[in-house]
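The values are calculated or read from the model by the stated rules, or taken from the named source; none is laboratory data. Computed from a prediction, not measured in an experiment: that's the story for all the values here. Glycine also receives a Cβ, built like all others from the backbone with ideal geometry; neighbour counts cover every protein chain displayed.
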Amino acid sequence: MEIHYKLNAKILFLALFGVILMISSYFMFVYEPVQMIVKKLLSLSPGSLFFYLWRDPPYKIYINLYLFTVTNQEKFTNGEEKLSVKEMGPYCFQEILLHTNTTFHPNGTISFIPVRHLKFIRERSVGDPEVDRLITPNIPLVGMTAMLRDSSMFTNLGLTMVSNTANAKSFVNVTVHEYLFGYDDLLVKLANTALPTWINFEKFGLFERIMALDNSSNVVTLTTDYTKATPQNPLYIPEETQRNFYIQEYNGSPGLHHWGYEDTEGNETLETNSRCNFIGGAFDGTLFPKDLTMDQKFNLYRRAFCRPIPVKPIREVVQDGFDGIEYGLQEGFLQQPSVNPKNSCFCKDGSDCLPRGIASIAPCYYDIPITISQPHFYNAEPWLEKSINGLKPNKSKHDINFVLHKKLGVPIKANLRIQVNLDVGKTKYNAKTTIFNNLHLPLCWFELQVDEVPTMVRFLASVAFDIAPVAQNILKFIFAILGTAMISSSALWLLHTSRINDSISPLENLPFSRFSLRRSSEYKPIPVINIPQEYFRPDLRISK
């Protein structure tokens, strides 16, 4: 009887376990628990894995720098030839990015200060920047003179006298490191002494100035949960507020003051504010929306660029085994406002509009007429490239493109290429600068490159979007099949044992019914018959 009870208990446990498996399978079919776990895991929230990966990104971001050295200094100075340059590079630096001072806010946003450091990578470079030298136009001299080209004669003559006192030359011969990160220049020192609020540096280094702008304690506010973040600014496009990780504010404002944006309260509108000088809804290049589609366009913004860069999806691709979307520049990014009204704030009165393919970033760089373009004036007016020998625009080498993971929204591959130029214009009263008049001097171009997905990101993407969903689909069917089998087996066993018991039940009608095999809780004693002792005498016989 004890064995029978144990057997039935096991059958009931098997049936119960089958029910649990069936419920689990139903839960997987209806609620997709893996997606719930992935969503939590990949949310930018305090303590999440995604937060730690974002705070200290494992990506190896390389900045490949290409410079231009002048090859015909004397003949150009004498007016015998147009300027000829030769490209030098790449000189590769790894950009190490940290997000510091991170603070989560109740309105579904996070604020932080990005800090960037550079590390020289010799094996990816053509030479040693401490040794390699180049001949280049004297940027402080030409830049300051170009900035004052529309000023009075007395102002220009005064600058000419100062430059002569400083013995400034038309060209300088410096090392690559000096050109990028600073060299002593008497004109710069004089300007720093006389006008410290304008020229706030003692040494001039082209790339050092660019990085200084990126590292000037910029406080960025991103959206982490768009369902809680409800910006009121009417310049937002509705789709921009329906996705995470977009910029809400940069240094306390959703707009660019240097391009005329004025801060407002609530949904107030001003004539000076437009989509041109508005960066709300843009992305900083480290995080992008998840579940990307081919109809989503957006802007990129980094303070060194001075203005948003609009990008669009080009095609769906498979990159390094991941489904992704390739992006490129939107048409009209470097067009005049007469062609692209979205650029209206970049040349307000129409007189300072630059030719197609060039955009001013002067307000971010001391009002010196610095411009950006694509490398070698790719996609610009043809005469820009032809005005200087040695420029060879090429789509595969000089265009912008990057690939984002379609579901995770992180970079898989990136080649963001920008050229920095000096718009000389028509300088006056200084023979050392007038030789450059009306030229757009290419100073350098750089490529922000990502060519490898970090191991941790690769593992996370594979588990979240490849392994886990497949495992869930397999498990929910296995659970359903096993649960059904366990419940069915238990039912069949109970039915079988019930039939056996029914076949034994007639024994109850026999004379020995007290020995019934039927299980009962009633106690039934076994009768004892007393036999007299004399019946066992040896002389007693039973006769037939």
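Taken over the stretch 239-255, the residue count meeting the criterion of being under 13 Å from Ala282 (Cβ atoms), assigned to a loop (DSSP other than H, G, I, E, B) and of a type outside the set (D, E, K, R) is 3. For the stretch 255-286, which residues satisfy the criterion of being under 23 Å from Asn244 (Cα atoms), touching a strand residue (DSSP E or B) at 6+ places or on another chain (Cβ under 8 Å) and of a type outside the set (D, E, K, R)? Answer for the stretch 255-286, where residues must be under 23 Å from Asn244 (Cα atoms), touching a strand residue (DSSP E or B) at 6+ places or on another chain (Cβ under 8 Å) and of a type outside the set (D, E, K, R): Gly255, Leu256, Asn277, Phe278, Ile279, Gly280, Gly281, Ala282, Phe283, Gly285, Thr286.
In the set (1) touching a residue at least 40 places away in the same chain (Cβ under 8 Å); (2) part of a strand (DSSP E or B); (3) touching a His at 6+ places or on another chain (Cβ under 9 Å), Tyr62 fails one condition alone, (3).
Quick one: which of Ser84, Ser111 is among the small types (Gly, Ala, Ser), within 30 Å of Tyr250 (Cβ to Cβ) and either modelled with pLDDT of 95 or more or outside the structural domain of Tyr250 (by TED's automatic domain parsing) (or both)? Let's see the steps before the verdict.
Details: Ser84 fails: within 30 Å of Tyr250 (Cβ to Cβ).
Of Ser84, Ser111, the one residue that is among the small types (Gly, Ala, Ser), within 30 Å of Tyr250 (Cβ to Cβ) and either modelled with pLDDT of 95 or more or outside the structural domain of Tyr250 (by TED's automatic domain parsing) (or both) is Ser111.
For Ile135, are the conditions met, namely being within 35 Å of the chain's Cα centre (by Cα) and not in a helix (DSSP H, G or I)?
no
Surrounded by 18 or more Cβ atoms within 10 Å (Cβ to Cβ) and either assigned to a helix (DSSP H, G or I) or not aromatic (Phe, Trp, Tyr) (or both), is that true of Gly280? Answer is yes for this residue. Suppose the filter is under 26 Å from Val424 (Cβ atoms) and polar (S, T, N, Q); does Asn138 pass it? Criteria met by Asn138. Screening the stretch 455-476 for residues that are among the β-branched types (Val, Ile, Thr) and surrounded by 14 or more Cβ atoms within 10 Å (Cβ to Cβ) and picking the one that is farthest from Glu32 (Cα to Cα) gives Val457.
Take the residues in the stretch 324-337 that are surrounded by 16 or more Cβ atoms within 10 Å (Cβ to Cβ) and under 18 Å from the mean Cα position of the chain (by Cα), then tell me which one is farthest from Arg458 (Cα to Cα). Ranking the candidates gives Leu329 first.
For Glu95, the stated conditions hold: it is of a type outside the set (A, V, I, L, M, F, W, C) and within 31 Å of the chain's Cα centre (by Cα).
Looking only at the stretch 194-203, decide whether some residue is touching a Phe, Trp or Tyr at 6+ places or on another chain (Cβ under 8 Å) and aliphatic (A, V, I, L, M). Yes, the stretch 194-203 contains a residue that is touching a Phe, Trp or Tyr at 6+ places or on another chain (Cβ under 8 Å) and aliphatic (A, V, I, L, M).
Looking at Leu16, Leu53, Leu42 in this structure, which one is modelled with pLDDT of 75 or more, outside the structural domain of Gln374 (by TED's automatic domain parsing), in contact with a Lys or Arg (Cβ under 9 Å, 6 or more places away or on another chain) and surrounded by 12 or more Cβ atoms within 10 Å (Cβ to Cβ)? Of Leu16, Leu53, Leu42, the one residue that is modelled with pLDDT of 75 or more, outside the structural domain of Gln374 (by TED's automatic domain parsing), in contact with a Lys or Arg (Cβ under 9 Å, 6 or more places away or on another chain) and surrounded by 12 or more Cβ atoms within 10 Å (Cβ to Cβ) is Leu42.
Quick grid of which residues meet (1) within 30 Å of Thr434 (Cβ to Cβ); (2) not β-branched (Val, Ile, Thr); (3) not assigned by TED's automatic domain parsing to the domain that holds Gln449:
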residue	(1), (2), (3)
Ser125	no, yes, no
Arg133	yes, yes, no
Pro137	yes, yes, no
Gly143	yes, yes, no
Leu148	yes, yes, no
Thr160	yes, no, no
Asn173	yes, yes, no
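Taking the numbered list (1) free of Cβ contacts under 8 Å to residues at least 12 places away in the same chain; (2) over 21 Å from Ala229 (Cα atoms) in turn, Phe76 passes all entries but (1). A single entry from Asn340, Asn273, Asn299 fulfils the requirement of being surrounded by 14 or more Cβ atoms within 10 Å (Cβ to Cβ) and under 17 Å from the mean Cα position of the chain (by Cα): Asn299.
Checking each residue in the stretch 19-38 for being among the polar types (S, T, N, Q) and exposed (fewer than 15 other Cβ atoms within 10 Å of the Cβ) picks out only Gln35.
Looking at the structure I just gave you, is Tyr236 of a type in the set (Ser, Thr, Tyr), touching a strand residue (DSSP E or B) at 6+ places or on another chain (Cβ under 8 Å) and either part of a loop (DSSP other than H, G, I, E, B) or over 22 Å from Pro106 (Cα atoms) (or both)? No, not satisfied.
Only a single criterion out of (1) loosely packed, with under 14 Cβ neighbours inside 10 Å; (2) more than 25 Å from Val410 (Cα to Cα) is not satisfied by Thr264, namely (1). Please verify whether the stretch 306-316 includes one or more residues that are in contact with a His (Cβ under 8 Å, 6 or more places away or on another chain) and assigned by TED's automatic domain parsing to the domain that holds Phe446. Within the stretch 306-316, one or more residues are in contact with a His (Cβ under 8 Å, 6 or more places away or on another chain) and assigned by TED's automatic domain parsing to the domain that holds Phe446. Within the stretch 256-276, not a single residue is part of a strand (DSSP E or B) and assigned by TED's automatic domain parsing to the domain that holds His405. For the stretch 102-124, taking the residues that are in contact (Cβ under 8 Å) with a residue 40 or more places away in the chain and among the polar types (S, T, N, Q), the one that is surrounded by the most Cβ atoms within 10 Å (Cβ to Cβ) is identified as Thr109. Scoring Gly255 on the criteria (1) buried (at least 20 other Cβ atoms within 10 Å of the Cβ); (2) in contact (Cβ under 8 Å) with a residue 40 or more places away in the chain; (3) closer than 30 Å to Ser45 by Cβ; (4) in contact with a Phe, Trp or Tyr (Cβ under 7 Å, 6 or more places away or on another chain) leaves a single failure, condition (2). Give me the residue from the stretch 176-233 that is touching a Leu at 6+ places or on another chain (Cβ under 6 Å) and assigned to a loop (DSSP other than H, G, I, E, B) and, out of that set, farthest from Ala362 (Cα to Cα). Looking at residues that are touching a Leu at 6+ places or on another chain (Cβ under 6 Å) and assigned to a loop (DSSP other than H, G, I, E, B), I get Thr224. Which residues, counting only those in the stretch 174-188, are under 18 Å from Ser163 (Cβ atoms) and at pLDDT 95 or above? Correct list: Val174 only.
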